[in-house]
Amino acid sequence: MPELPEVEVVRAGLEPAVSGARVLAVAVLDERALTRHDGPGEDFAERLTGRTIRAAVRRGKFLWFPLSDADADASPHHEALVTHLGMSGQVLLGRGREAARHRRIRIEVQPAGTDRDGAPEPPVELEFVDQRTFGSMAIDRMVPTIDGAPAGSAGHVDVEHPDAGWRRLVPFQVSHIARDPLDPAFDDDRFIAAARKRSSGIKRVLLDQGVVSGIGNIYADESLWAAKLHFDRPADRLPRATLRLLLAEVRAVLRRALEDGGTSFDAQYVNVNGQSGYFSQRLAVYGQQGKPCPRCGTTIVREAFMNRSSHRCPVCQPAPRVRLR
């Protein structure tokens, strides 16, 4: 499933084309892609056509495009096009590209920029592609952020601009999702306090979207290996200094993954140009069972965890002692 690095790569790729772009036409080819939209395909297309996209914004693995205020008679103010990639969703960008397989929604936009001669740039198409149909698009109302800070990562947007009040609004569908570790407004102390109230294993905390978002199974395993922590170490037994170290390793892993364009194991995750990421070439433990630990040489093991798997080094990340209650 695409996580923070993969979704951020998509956001950054879309941003230059969609910021300030006007939606010219919308075609819903498969209404299964509207499972989170409150209405049929006709409603989705009607409410989106003619609107201007302000920016491309992300929190965790949620991506949204704030829309210009509609006429009062058309729909409520402060709305966004919310995109969730699910297990295999893609957002592809191009001009006149051959239609992708498993295309669910097509959106044609007029970019805000001009060419060298000052003429408007030609329209471009956004294709929402989803092989397994777990992803979705939806038009959702926006609500204020709890802390009053900008809602998520949005490139080089001037948050102090008089017309940038939308930066402090978040789609209702995303409002329950905690900030991610790369968000400038992420509160380390709040995360540490929340973790130290949990008796569950630390990996469960890292995957709890109500505590911290965007990490996912791959990056949790990599971060715990870097911090030399077993995934089942009770979070409430970890010193604050250890949790700060873990946060630092989480950020380092996420940034390295961003540099590499994300992690691609197959063709289901690609960027907006259809290219795969290559962070999989630098994985230390995830999917490396049977191979030597890059740090000590011990054989990496794979263990069952919450209907999925965890990967660790038995020496670098020893199992916690049994707790007596």
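Would you be able to tell me the number of residues in the range 114-124 that are surrounded by fewer than 19 Cβ atoms within 10 Å (Cβ to Cβ) and in contact (Cβ under 8 Å) with a residue 12 or more places away in the chain? Residues in the range 114-124 being surrounded by fewer than 19 Cβ atoms within 10 Å (Cβ to Cβ) and in contact (Cβ under 8 Å) with a residue 12 or more places away in the chain: 2 in total.
Checking the stated criteria, VAL129 turns out to be open to solvent by less than 60 Å² (accessible area, probe 1.4 Å), of a type in the set (A, V, I, L, M, F, W, C) and farther than 20 Å from VAL174 by Cβ. Going by what's in this entry, would ARG167 be described as basic (Lys, Arg), at negative phi and modelled with pLDDT of 95 or more? For ARG167, the condition - basic (Lys, Arg), at negative phi and modelled with pLDDT of 95 or more - is not met.
Selection of the range 290-313 for residues being open to solvent by 50 Å² or more (accessible area, probe 1.4 Å) and closer than 22 Å to VAL250 by Cβ yields PRO294, ARG295, CYS296, ARG302, GLU303, MET306, ARG308. Within the range 238-261, none of the residues are over 17 Å from the mean Cα position of the chain (by Cα) and modelled with pLDDT under 95. Scanning for something open to solvent by 20 Å² or more (accessible area, probe 1.4 Å), part of a strand (DSSP E or B) and modelled with pLDDT of 90 or more, does the range 147-154 turn up at least one residue? No - not one qualifying residue is present in the range 147-154.
Among the conditions (1) surrounded by 22 or more Cβ atoms within 10 Å (Cβ to Cβ); (2) at pLDDT 90 or above, the only one that GLY89 does not satisfy is (2). Here the condition is being assigned to a helix (DSSP H, G or I) and at pLDDT below 70; of SER280, SER264, it holds for SER280 alone.
When we screen ALA72, ALA100 for residues that are within 25 Å of SER175 (Cα to Cα), assigned to a loop (DSSP other than H, G, I, E, B) and at pLDDT below 80, the only hit is ALA72. Of all the listed residues (ALA33, ALA80), the sole one being modelled with pLDDT of 90 or more, more than 12 Å from ILE139 (Cβ to Cβ) and of a type in the set (Gly, Ala, Ser) is ALA33. Taking the range 198-238 as the range and being among the hydrophobic types (A, V, I, L, M, F, W, C), assigned to a loop (DSSP other than H, G, I, E, B) and open to solvent by 10 Å² or more (accessible area, probe 1.4 Å) as the test, the residues that pass are LEU207, VAL211, PHE231. Please determine whether any residue of the range 55-69 is free of Cβ contacts under 8 Å to residues at least 12 places away in the same chain and outside any helix (DSSP H, G or I). Yes, the range 55-69 contains a residue that is free of Cβ contacts under 8 Å to residues at least 12 places away in the same chain and outside any helix (DSSP H, G or I). Could you list all residues from the range 132-146 that are surrounded by 14 or more Cβ atoms within 10 Å (Cβ to Cβ), in a strand (DSSP E or B) and in contact with a Lys or Arg (Cβ under 9 Å, 6 or more places away or on another chain)? SER136, MET137, ALA138, ILE139, ASP140 - these are the residues of the range 132-146 that are surrounded by 14 or more Cβ atoms within 10 Å (Cβ to Cβ), in a strand (DSSP E or B) and in contact with a Lys or Arg (Cβ under 9 Å, 6 or more places away or on another chain). Whether any residue in the range 190-209 is in contact (Cβ under 8 Å) with a residue 24 or more places away in the chain, closer than 21 Å to ARG11 by Cα and among the aliphatic types (A, V, I, L, M) is what I want to check. There is no residue in the range 190-209 that is in contact (Cβ under 8 Å) with a residue 24 or more places away in the chain, closer than 21 Å to ARG11 by Cα and among the aliphatic types (A, V, I, L, M).
For the range 14-26, a residue qualifies if it is modelled with pLDDT under 95 and open to solvent by 30 Å² or more (accessible area, probe 1.4 Å), and the qualifying residues are GLU15, PRO16, SER19, GLY20.
The values are calculated or read from the model by the stated rules, or taken from the named source; none is laboratory data. As the structure is a prediction and not an experimental result, all values here were calculated from the model. A quick note on method: Cβ atoms are made from the backbone with ideal geometry, for glycine too, and the neighbour counts reach across all protein chains shown. Quick note on the areas: whole protein, heavy atoms, side chains included, nothing else; ligands and nucleic acids left out. Shrake-Rupley method; radii C 1.70, N 1.55, O 1.52, S 1.80 Å.
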